[in-house]
Amino acid sequence: QVQLVESGGGLVQAGESLRLSCAASGISFSNFLMGWYRQAPGKQRELVATITGGSSTNYADSVKGRFTISRDNAKNTMYLQMNTLKTEDTAVYYCNARLWRYDYWGQGTQVTVSS
């Protein structure tokens, strides 16, 4: 059974930092493209960042220079270091694992940034 479990969300003030984690089980983790997505109230889910098994990364323009995605294939875990958070970063953050037709999602973790 595939499980993606996010953790690390919370309430912070603008300018502060958070680190999200996504622990994966039931998949050959290193083979999967991993990603973070987010969905704010009333908005569509959007890409935040992705990372390949070889750690090539891609970021949304809105988070470049502030967020860093990484992964530890030995621990089957992906991370998102979020610095200089803005109120517009408030959303539910979802972990995604993708390979060919396989597409898995976590339950999400809430990040709230107050002004």
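The values are calculated or read from the model by the stated rules, or taken from the named source; none is laboratory data. Fair warning: this is a prediction, and the values are worked out from it, not measured in the lab. Note that each Cβ is placed from the backbone with ideal geometry, even for glycine, and that neighbours are counted across all protein chains shown. These accessible areas exclude ligands, DNA and RNA; they are computed on the full protein's heavy atoms, side chains included. Shrake-Rupley method; radii C 1.70, N 1.55, O 1.52, S 1.80 Å.
Miscellaneous remarks
- The gain in end-to-end length when the Ala14 to Val2 segment is fully stretched comes to 0.9 nm, 0.36 nm per residue minus the alpha carbon separation.
- Segment Thr87-Asn58, length gained on full extension (0.36 nm per residue, minus Cα span): 8.2 nm
- Value of relative contact order over the chain, rounded to a whole percent, pairs C-alpha under 8 Å and six or more apart: 36 percent
- As a calculated quantity, the FRET efficiency between Ala40 and Asp103 at R0 = 22 Å, using C-beta atoms, amounts to about 0.55.
- Within the chain, the ratio Rg/Rh, alpha carbon atoms throughout and Rh by Kirkwood, equals 0.95.
- Partners of Lys86 within straight-line reach, counting lysines whose Cα lies under 18 Å from its Cα and excluding those fewer than 8 residues away in the same chain: Lys43, Lys64.
- Ranked by solvent-accessible area (1.4 Å probe, protein heavy atoms only, all chains present), the residues Leu20, Leu47, Leu11 order from largest to smallest as Leu11, Leu47, Leu20.
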